[in-house]
């Protein structure tokens, strides 16, 4: 699954550690999601959606839906 | 700060898990060697030592569940993958080892301790692979 996490984070001037901090996850998790190695759970995706004030589909893009 | 709270909680749970694991292994050593070296085969004390060991084991299991529940999504996945590999390898390896024993292809009897070491090492390797994969 592709995502715009890195861009959204950069737009808000957040480091991976800052974002991890806000979402109560490890920096390793943010890094793995950004690199597309790991897809977050629905609760974590909703947390991101709330933090960035964007709908989930504006953050994540499902490759299979294309 | 949120991170401090989350990280602190994980560190606290890891420390508690280490303490429970230490208590369990210590009580196991006591139950194993106590009858011969400390209380001279006293049945009552031996039974008590086994009960204490079982209680410590339950405490360790409950603490492990709490610890895993406190991890984040990725950390849980790494743990799950490592446990899956360890369980699979343990069952397959354990049964092969038993067959080797029952068919007398190995000279010594199959010992459960070998299987426990095998599972533990596989679990640790699984964790290392997971950490490297999602680095």
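Taking the longest Cα principal axis of chain A as reference, the axis of helix A:42-52 is set at about 60 degrees. Applying 1/(1 + (r/R0)^6) with r as the Cβ-Cβ distance of residue A:56 and residue A:15 and R0 = 22 angstrom yields a FRET efficiency of 0.45. The alpha carbons of the range B:1-71 occupy a box of 55, 16, 11 Å along the principal axes, longest dimension given first. Compared with the dominant Cα axis of chain B, that is its longest principal axis, helix B:43-70 is turned about 20°.
With helices as the sole contributors, chain A gives -15000 deg cm²/dmol at 222 nm; each DSSP H run of n ≥ 4 counts as -39500 (n - 2.57), and the sum is divided by every residue. Taking Rh as the Kirkwood radius, which is the inverse of the mean 1/r over Cα pairs, what is the Rg/Rh value for chain A? Taking Rh as the inverse mean 1/r over Cα pairs, Rg/Rh reads 0.92. Against chain B, whose longest principal axis comes from its Cα atoms, helix B:2-37 is set at around 0 degrees. Distance between the C-alpha centres of the range A:17-46 and the range B:1-62: 34 Å, rounded to the whole angstrom. Rounded, prolate or oblate: pick one for chain B, where a ≥ b ≥ c are the square roots of the eigenvalues of its C-alpha gyration tensor, a/c under 1.5 means rounded, and failing that, prolate if a/b is larger than b/c, else oblate. Because a/c hits 1.5 or more and a/b fails to exceed b/c, chain B counts as oblate.
Fully extending the segment from residue B:80 to residue B:92 would add 2.5 nm, taking 0.36 nm per residue of separation and subtracting the current Cα-Cα distance.
Globularity index of the protein assembly as shown is 1.40 (Cα radius of gyration / 2.2 N^0.38 Å, N = number of residues).
Each reported figure results from applying straightforward, stated rules to the coordinates on display, with no laboratory input. This one's a predicted model, so the numbers in the text were calculated from it and none came from an experiment. Every residue, glycine as well, gets a Cβ built from its backbone with ideal geometry; the counts of neighbours run over all protein chains shown.
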